[in-house]
Structure formats: C-alpha cells, structure tokens
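Here is the structure we will look at, set down as structure tokens.
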Amino acid sequence: MLLPSRKELFIFFAVCRHYMKKEKIVEEGYNKIALKYHSERNKFESIVELKQFTNLLIPGAKLLDVGCGAGVPVTKYLVDEGFSVTGIDISEKMLSLAKKHVPKGEFFKIDMSEMDFPDDTFDGIVSFYAIIHLPREKHAPLFKKFQKILKSGGLMMIVLGSDEWEVIDDYFGAKMFWSQHSTEQSIELVKDAGFEIISEEVLERGGEQHYWILAKSKD
C-alpha cells in the first residue's frame with residue numbers, strides 16, 4: 001500500500017483546518033448569541049409546511065430535527081403533535097434552551113456532518129435554516145446520510161438557501177458562517193442521494209427567501 005506523500009498530508013490537514021474553522025465559527029457564534037437570538041429572532045411562520053410534513057407521517061413517528069436550535073417552534077410543534085423527536089445541534093447553549101422549552105424531546109450535541117445514527121432509524125427528518133451553516137461541499141454527503149438513517153419511504157423536509165452564496169459576517173453581534181448552493185444544484189444533490197421529490201419551492205418568510213424541499217426516501 002502506498003503511503004501519502006508529505007505534500008498530500010499537508011493538503012489534507014489544511015482542508016480539515018479550513019472546514020473545522022468554519023464550523024467552529026458557527027458553534028462559537030450560537031453559543032455567544034443563544035439568548036439574544038432566541039428572544040429577538042423573528043420566528044418564521046412554518047406551520048403550513050410542518051402540517052404538510054406531519055400529515056404524511058404515521059402517528060407517533062420517530063423524527064430527527066437537525067439543527068434544532070432552541071427547540072422553538074419546530075421541535076416543540078412536532079412533540080406537541082405526538083411524535084417522538086430527537087434534536088441535534090452544534091451549540092451547547094442552544095441545546096440548553098431546547099431542553100427547557102421541549103422537556104419531552106431528546107437532545108444531543110452533535111455536528112450534523114458527523115452524526116452516526118444506525119441505518120433505518122427515523123421515519124422522518126426535518127432541518128430548518130441549519131444546513132445553510134454547513135460548508136456546501138458537505139451538503140451532498142449529508143443528504144446521503146439522511147437517506148441511510150431514514151426508513152424506507154421516510155420523509156425529509158429541509159430548508160436551504162435560495163441562491164449560491166458563501167460568507168462570514170456579523171450576526172446578532174457574533175461572527176457567523178453561511179454556505180449555500182443554487183436551488184438547481186441543491187435539488188440535484190437531493191435526488192442523487194436517493195430521494196423522490198414531493199414538493200420544492202422558494203418561499204419568503206420573515207422577509208427572507210429560502211428553498212423548501214419535501215422529499216421521500218426511495219424504497
């Protein structure tokens with residue numbers, strides 16, 4: 001077996017540091033602004049879309065909320081509707097709020113790109129306004145991971161960016177990172193990951209446009 005050259009190792013670790021830095025920005029940023037973000041951030045109206053998602057689920061379905069934040073409104077809505085919900089987030093401070101807001105939920109501090117749930121664990125996955133904080137080079141592997149941990153025919157509703165964009169900027173007084181594909185690229189990545197598209201649309205919520213995708217894991 002050929003061992004990697006020094007140059008190859010240098011490039012590998014440089015790439016690792018590059019992505020770790022960006023995701024660390026997100027973690028540290030939300031830890032810093034958790035309370036302010038939760039109290040001041042406009043809670044985007046998403047009940048119509050959530051109902052579209054939950055109407056297709058079996059009663060008591062097992063769901064995963066990826067990037068659950070403070071647990072409001074998405075995780076709380078799902079739990080209140082009688083579903084068993086696991087929430088994951090990169091920010092310890094946001095998770096502390098989620099545990100208070102949704103005591104019946106189950107929460108873990110996990111980087112979404114590193115989650116290792118067993119295959120066929122969940123009936124459904126939601127991720128609202130969270131994947132946009134993951135380096136876009138990691139979106140395709142993430143969608144494939146979603147497909148694996150969903151049961152056959154499982155549902156996925158995700159909210160992505162509406163255009164191609166990557167930036168580090170100030171957000172509620174903290175440094176924050178965003179990374180997005182175009183809608184055309186995002187929908188192809190979802191299809192390539194093994195999903196059948198049920199609906200996809202750019203919607204405006206709270207004065208911002210995002211790309212909503214509802215899809216089913218192929219049997």
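Throughout, read-outs are computed from the coordinates displayed, never taken from laboratory work. Everything numeric in this text was worked out from a predicted model, so none of it was measured. Here the Cβ positions follow ideal geometry from the backbone for every residue, glycine too, while neighbour counts run over all protein chains shown.
Of note:
- Magnitude of the charge dipole for the chain, about its Cα centre and with charges confined to Cβ atoms of Lys, Arg (+1) and Asp, Glu (-1), is about 740 debye.
- Panel order for 178, 165, by other beta carbons found within 10 Å of each beta carbon, from fewest to most: 165, 178.
- Estimated vicinal HN-Hα couplings, Hz - segment 147-152 in sequence order (Karplus 6.51, -1.76, 1.60; Gly, Pro = x): 4, 6, 7, 7, 5, 4
- Whether segment 81-129 is rounded, prolate or oblate, judged on the alpha carbon gyration tensor where a/c under 1.5 counts as rounded: oblate
- The chain - percent relative contact order, Cα under 8 Å, separation 6 or more: 19
- Ranked by the mean number of other Cβ atoms within 10 Å per residue, highest first, peptides 180-188, 87-95, 47-55 order as 87-95, 180-188, 47-55.
- Normalised convex hull volume, segment 146-191, alpha-carbon set, Å³ per residue: 105
- Charge dipole of segment 6-217 about the Cα centre (unit charges at C-beta), most positive-ward option of 87, 199, 153: 87
- With one equal scatterer per alpha carbon and no solvent term, the Debye-computed log10 I(q)/I(0) for the chain at 0.10, 0.16 1/Å reads -0.43, -1.12.
- CD proxy at 222 nm, helix term only [per DSSP H run n ≥ 4: -39500 (n - 2.57); per residue of the chain; nearest 500]: -12000 deg cm²/dmol
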